[in-house]
Amino acid sequence: MQGVRARTQDTAALAESVDPLRTTILLLHPIAAIALIWVFVRQRRWREQSNLLRGDKRKQALADHEATGEWMLRGTIGVIGLAFVAQIARASIDGAEWNKYIIPDHFHGWVGFLGLFLMLILRNHGRTTRNLKESGKSFVRSKQTHGKISDLMLMLVIIHAFLGFLYLLSIL
């Protein structure tokens with residue numbers, strides 16, 4: 001136990017164990033994810049805005065909502081891709097095979113794929129809602145499903161971000 005105490009309280013040993021390049025590379029994914037989460041939370045505000053806005057302002061806000069939704073899917077794919085690149089770089093820096101960290105061995109990694117799947121479903125329901133509305137058909141059910149998936153995703157994003165923070169602490 002004495003060895004553990006000495007190792008954890010020695011700031012020189014801590015400074016030697018922290019590689020700034022490795023840390024920076026590993027932080028790129030969470031920083032990009034935080035930005036995407038911020039956009040997602042702003043995107044969800046449409047539910048309140050849709051009831052308050054009228055006329056051209058509502059049409060413009062809806063067009064912005066749709067465009068941001070399309071961008072968010074690409075952003076989600078980009079953030080997941082960044083995680084893979086970071087893990088490949090981590091393996092290289094650690095002197096391991098390039099694919100050592102590619103397959104997630106933790107819940108955070110697998111939930112990322114679930115999030116991408118839900119993002120695809122969310123976008124699909126958003127498009128379906130738009131198409132039903134434009135064709136003059138009832139779109140209430142599709143709109144409600146779109147909102148419920150968004151609610152589910154928000155809960156999943158919170159859990160995913162917390163697990164990602166814990167995972168980041170374990171690998172830094």
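Data table
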item	result
Residue among Thr24, Leu52, Leu172 farthest towards the positive dipole end of the stretch 23-172, charges placed on Cβ	Leu52
Mean ellipticity per residue at 222 nm, deg cm²/dmol - from DSSP H runs of n ≥ 4 across the chain, formula -39500 (n - 2.57)	-29500 deg cm²/dmol
GNM top mover of Met72, Met119, Met155 - the chain, alpha-carbon springs below 10 Å	Met155
The chain: radius of gyration over Cα atoms, expressed as a fraction of 2.2 N^0.38 Å	1.34
Cross-link reach list, lysines versus Lys133, counting only Cα pairs under 23 Å and skipping chain neighbours closer than eight places	Lys57, Lys59, Lys143, Lys148
Å² of accessible area per residue within the chain, as computed with a 1.4 Å probe and no ligands counted	67 Å²
Student exercise, the stretch 85-172 dipole from Lys, Arg, Asp, Glu Cβ charges, in Debye to nearest 20	720 debye
Square roots of 5 times each gyration tensor eigenvalue, C-alpha, the stretch 45-100, largest first, Å	43, 9, 6
Cβ charges +1 (Lys, Arg) and -1 (Asp, Glu), total dipole of the chain, debye	1140 debye
Of the DSSP H helices in the chain, those whose Cα atoms cover at least 18 Å axially and whose Kyte score averages 0.0 or more	20-44, 55-94, 107-134, 140-171
Longest site-free stretch - the chain; sites: trypsin sites (Lys or Arg not before Pro), DSSP loop, at most 16 other Cβ within 10 Å	55-99
Most mobile of Asn99, Asn51, Asn131 in a GNM of the chain (Cα contacts under 10 Å)	Asn51
Euclidean distance of C-alpha centroids, the stretch 17-40 and the stretch 139-172, integer Å	18 Å
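The values are calculated or read from the model by the stated rules, or taken from the named source; none is laboratory data. Being a predicted model, the structure only gives us computed values, none of them experimental. No Cβ is skipped: glycine too gets one built from the backbone with ideal geometry, and neighbour counts run over all protein chains shown. What goes into the accessible areas is simple: the full protein's heavy atoms, side chains included, and nothing from ligands, DNA or RNA. Shrake-Rupley method; radii C 1.70, N 1.55, O 1.52, S 1.80 Å.
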